[in-house]
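Undergrad: Structure in structure tokens, see below.
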Amino acid sequence: RKGSFALLDAAFEWVLAARPSQPLTAAIWSDDPELNERLAALSDVISFHHYRSGASLERQIERLQGYERPMFCTEYLARTTDCTFESHLPTFKRARVACWNWGLVDGKSQTKYSWTERLDGEPEVWFHDVFERDGRPWREAEVALIRSLTERP
């Protein structure tokens, strides 16, 4: 693990030497408190992954708010494990945490399949993707929720 920390520190030094104009981050994804502290200490903004319950998300956001930096969740949608738009988006909005999921259209990155599913046949529940190949929502209710939470007053 010490080698990993040294590599992480070196990677940030390399990037900082290039004098980037954008903020830097390394996503908090582990249950390892020491690793998470190091990732947060190096990051200008807090990014994290969350594949647990909605209640767990609220607790994680509360902990991460202690770093007093902007936050965004880079991975959270995993319908087959009950990490859904319904369980997570209202919390992100309420806590003012930016978020995105990395699957959007079926066929682009094969993310309608979970990490463990075979890529043959249609999964009963899509893992990430939101839209069919022809642009129709996989679940209209999800798109309606996204619209309701993101529309301007």
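Undergrad: Identify which of the listed values of semi-axes √(5λ) of the Cα gyration tensor in Å was calculated from the structure shown: (i) 35, 21, 10; (ii) 30, 19, 16; (iii) 37, 14, 13.
TA: (ii)
Undergrad: 222 nm [θ] for the chain, helices only, -39500 (n - 2.57) per DSSP H run of 4+, per residue, to 500?
TA: -12000 deg cm²/dmol
Undergrad: While we're here: Given axes a ≥ b ≥ c from the Cα gyration tensor, I'd like to know whether segment 89-153 is rounded (a/c under 1.5), prolate (a/b larger than b/c) or oblate.
TA: Cα axes put segment 89-153 in the prolate bin.
Undergrad: Among L16, L35, F92, which residue has its Cα furthest toward the positive end of the charge dipole of the chain, with +1 on Lys/Arg Cβ and -1 on Asp/Glu Cβ?
TA: The one lying farthest along the dipole's positive direction is L16.
Undergrad: On the protein heavy atoms, probe 1.4 angstrom, tell me the percent of accessible surface of segment 58-153 carried by carbon and sulfur.
TA: 51 percent
Undergrad: Please work out the C-alpha center-to-center distance from segment 49-103 to segment 8-29 and express it in whole Å.
TA: Taking the Cα centre of each part, segment 49-103 and segment 8-29 sit 23 Å apart.
Undergrad: Same structure, new question: Any chance you could run the full-extension gain for D31 through A18? It's 0.36 nm times the residue separation minus the Cα-Cα distance, nm to one decimal.
TA: Taking D31 through A18 to full extension adds about 1.6 nm, to one decimal.
Undergrad: If you place +1 on the Cβ of every Lys and Arg, -1 on the Cβ of every Asp and Glu, and leave all else neutral, what size is the dipole of segment 1-81 about its Cα centre, to the nearest 20 Debye?
TA: Roughly 160 debye, rounded to the nearest 20.
Undergrad: Can you tell me the accessible area per residue over segment 101-153, all protein chains present, probe 1.4 angstrom, in square angstrom?
TA: 70 Å²
Undergrad: If I measure Cβ to Cβ between cysteines in the chain, which ones have no partner under 4.7 Å?
TA: C83
Undergrad: Can you tell me the dipole magnitude for segment 20-142 around its Cα centre, using point charges on the Cβ only (Lys, Arg +1; Asp, Glu -1), in Debye to the nearest 20?
TA: 340 debye
Undergrad: Suppose every Lys and Arg Cβ carries +1 and every Asp and Glu Cβ carries -1, with no other charges. What dipole size does segment 93-153 come out with about its Cα centre, to the nearest 20 debye?
TA: The dipole magnitude comes to about 520 debye.
Undergrad: Here's a follow-up. Carbon and sulfur: what percent of segment 1-56's accessible surface (1.4 Å probe)?
TA: C and S fraction of accessible area: 58 percent.
The values are calculated or read from the model by the stated rules, or taken from the named source; none is laboratory data. All values derive from a computational prediction rather than experimental measurement. Cβ coordinates were reconstructed from backbone atoms using ideal geometry, including for glycine residues, and neighbour counts include every protein chain displayed. The accessibility values were calculated without ligands, DNA or RNA, using every heavy atom of the protein model including side chains. Shrake-Rupley method; radii C 1.70, N 1.55, O 1.52, S 1.80 Å.
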